[in-house]
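To start, the structure itself, in structure tokens.
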Amino acid sequence: MGRKTVSYNHTFISLIPSPWMKKAFKVPGRDTMKIANLLWLSYSWKWNHPPKSKKNVWITNKMCEWFEIDPKTRTRALDRLAEAGLIEFVQRGRGKTPVVRLIFTKVSKAEYVE
């Protein structure tokens with residue numbers, strides 16, 4: 001049998017914590033926010049979860065291809081997000097799809113008081 005063709009045309013990203021997104025917007029790189037959104041898309045729809053994992057996700061080469069992101073760009077963007085403290089690597093290496101764990105930013109009511 002042939003492989004299933006994956007289409008992301010009719011999907012939407014579930015809730016993203018606003019403090020997490022605010023930090024992600026400050027991370028440099030043209031496609032870094034694309035990768036951040038893809039991580040949440042994968043997380044919220046439970047697409048690419050390793051078995052028995054709640055916060056671990058990965059972005060496959062097919063997802064990168066569909067969203068017009070080079071796999072090397074994915075790696076650089078993930079490195080930037082890790083430096084910013086938004087994710088941590090669970091698995092990485094040459095020829096492997098990197099598995100990351102989302103680090104949720106704590107939200108307090110004091111952040112929203114103006």
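The values are calculated or read from the model by the stated rules, or taken from the named source; none is laboratory data. Model, not experiment: these values are computed from the prediction. No Cβ is skipped: glycine too gets one built from the backbone with ideal geometry, and neighbour counts run over all protein chains shown. Only protein heavy atoms, including side chains, enter the accessible area calculation; ligands, DNA and RNA are left aside. Shrake-Rupley method; radii C 1.70, N 1.55, O 1.52, S 1.80 Å.
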Practice prompt. Considering (1) in a loop (DSSP other than H, G, I, E, B); (2) at pLDDT 60 or above; (3) open to solvent by 100 Å² or more (accessible area, probe 1.4 Å), say which one Lys22 fails and leave the rest.
Written response: (1)
Fill in: Checking Thr11 against (1) open to solvent by 40 Å² or more (accessible area, probe 1.4 Å); (2) at pLDDT 75 or above; (3) part of a loop (DSSP other than H, G, I, E, B), the condition it does not meet
(2)
Worksheet item: Out of all the residues in region 31-59, which are at pLDDT 85 or above and surrounded by fewer than 17 Cβ atoms within 10 Å (Cβ to Cβ)?
Response: Met33, Asn37
Response to the item:
Of the residues in region 55-104, those that are of a type in the set (A, V, I, L, M), in contact (Cβ under 8 Å) with a residue 40 or more places away in the chain, out of contact with any strand residue (DSSP E or B) (no Cβ under 9 Å at 6 or more places or on another chain) and assigned to a loop (DSSP other than H, G, I, E, B) number 1
